[in-house]
1. State which residue is modelled with the highest pLDDT when the search covers only region 249-272 and only residues that are assigned to a helix (DSSP H, G or I) and β-branched (Val, Ile, Thr).
2. When you scan region 22-45, how many residues do you find that are more than 18 Å from the chain's Cα centre (by Cα) and touching a residue at least 60 places away in the same chain (Cβ under 8 Å)?
3. When you go through (1) in contact (Cβ under 8 Å) with a residue 12 or more places away in the chain; (2) charged (D, E, K, R); (3) surrounded by fewer than 14 Cβ atoms within 10 Å (Cβ to Cβ) one by one for residue 62, which number turns out not to apply?
4. Could you please let me know if residue 141 is under 23 Å from the mean Cα position of the chain (by Cα) and within 27 Å of residue 57 (Cβ to Cβ)?
5. Within region 137-149, can one find any residue that is closer than 30 Å to residue 365 by Cα, outside any helix (DSSP H, G or I) and either touching a Gly at 6+ places or on another chain (Cβ under 7 Å) or not assigned by TED's automatic domain parsing to the domain that holds residue 342 (or both)?
6. Going by the conditions given, is residue 19 buried (at least 20 other Cβ atoms within 10 Å of the Cβ) and either in contact (Cβ under 8 Å) with a residue 12 or more places away in the chain or farther than 30 Å from residue 343 by Cβ (or both)?
7. Just to be sure before I move on: is residue 30 surrounded by fewer than 15 Cβ atoms within 10 Å (Cβ to Cβ) and at pLDDT below 95 in the structure I sent?
Amino acid sequence: MYGKQTTVFDSDLYSSLFTQDKMREIWSDDNLLRCWLRFEAAVARVQSELGIIPEQAAVEIEQTCREIQIDWPALAQETQTVGMAIKPLIDQISASGTPLVSQFLHWGCTTQDLLDSGMAMRLQQTLRLLREQLLDVGEAMKAMALRHARTVMVARTNSVDASATTWGLHVCSYLAEINRHLTRLQQLYPRAVTGLFGGAVGNLASVGKQGMETRQRLMLALGLNVPCGINNASQDAVVEVVQFFALVHGTLCRLANDVETMGRTPIAEVLEGEGGGGSSTMPHKVNPRACNMVQTLARMGWMYASGAPAMLDQQDVRAASMRVLNWTILPEASNALSTSLTRAKNLLSHLIVNEDKMRANFDCSKHFIMSESLTMKLAAKIGRESAYNLVKNLLKHATGEYSFMEIVQASPEIRASLSGAEIAAACEPLSYIGANDALIAETIAEFDRVKTADIA
């Protein structure tokens, strides 16, 4: 029924703003049950190979897990009573199968084995999807950096005009962070996709002497990493994932902040090109809707990262109360980041870069922001401190009536060391972009390297 949902993640009105279809599917109840059914079928197969349960039992368990028709209303009702959906699911599988299924299903397993391994399966899917999205964003940044490698703009520090740079190099500052995120993802992936099989208290007692071999083969069958030691009370890898998400949000939010600022009416150097974001009362107004959503999603991601350490509040062999937090934090955090990456890619793909306005804004300074360039040219002749003081004193009483070049050209002290042509060259922004081309090339080469590294 329309209009009955209570969160932005399932809202008929707002879910498309906060979720991405593929990520939504990964964290759906349907996929959760598929992961659990896959676990039960796999553990039965492994145990039959080791002679722990009869081979025919494994065959029938696999068939039942493959063909079962879940009674969702009953599952939901029984979950309310039990507190978790695993025992009600096991009951349905048993009721749907043969006596052998009922006898050997879930052999030596506990609820946590399914919870943590199912979570690892979905984190595997999540991280692979996010890697694809990071690569898409990186490719968009790479293309823009190459296209605008010589597009001059004002570099601003502390919100104040500072010196000359290019839009291509500025975009590479985002790309450099994407490179590091891809490396971080590769490093944390093995920890995040580690499954669990330990039985009631994690010591594999219910499987006997073949417990370690069962665990090894099961994780291999599921495509998960084998845990080292006992991990029943450990949630550090999950917290690490959520906090990794926060770092990626930082890059995307910085991009959004810059585009929003540079798109302000007086500046107008870059503009969103997707459309939308109109005012309900001012016909002329087009709001930076994409930027605003990326900013919103970033704040949500940082909120999740701040709350994630609460999952570390464990005791004894395990505590269900804190572990249940990942049922909320992980799906929401994953959807928030996936949606933000989608937004960022679209923002970059449709971004309008106004090169003329960038140059006009640069020229508005009347070349005063080229003072460092002129100072360094002069320093080569008379020393850095002398050159700095000479230029600073010369500009102390500048009113803006005359351009920087006019003031400098009229200075006998400077003209004694620099020719008119040298002064003009020092005031040309493309003469003072330093290692611009090399830095862009270096960043892109690193991106091309890290994108080839598989995370498996």
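The values are calculated or read from the model by the stated rules, or taken from the named source; none is laboratory data. These figures come from a predicted structure and were not determined experimentally. No Cβ is skipped: glycine too gets one built from the backbone with ideal geometry, and neighbour counts run over all protein chains shown.
1. Of all residues in region 249-272, those assigned to a helix (DSSP H, G or I) come to 249-262.
Next, only the ones that are β-branched (Val, Ile, Thr) stay: 251, 259, 261.
Details: 251: 98, 259: 95, 261: 93.
Checking each candidate, the answer is 251.
2. Count: 11.
3. Failing condition for residue 62: (3).
4. Working: under 23 Å from the mean Cα position of the chain (by Cα): yes; within 27 Å of residue 57 (Cβ to Cβ): no.
The answer is no for residue 141.
5. Checked against the condition, which is being closer than 30 Å to residue 365 by Cα, outside any helix (DSSP H, G or I) and either touching a Gly at 6+ places or on another chain (Cβ under 7 Å) or not assigned by TED's automatic domain parsing to the domain that holds residue 342 (or both), region 137-149 yields at least one hit.
6. Yes: the conditions hold for residue 19.
7. For residue 30, the condition - surrounded by fewer than 15 Cβ atoms within 10 Å (Cβ to Cβ) and at pLDDT below 95 - is not met.
Residues checked against (1) out of contact with any His (no Cβ under 9 Å at 6 or more places or on another chain); (2) surrounded by 18 or more Cβ atoms within 10 Å (Cβ to Cβ):
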| position | (1), (2) |
| --- | --- |
| 206 | yes, no |
| 214 | yes, yes |
| 218 | yes, yes |
| 240 | yes, no |
| 251 | no, yes |
| 270 | yes, yes |
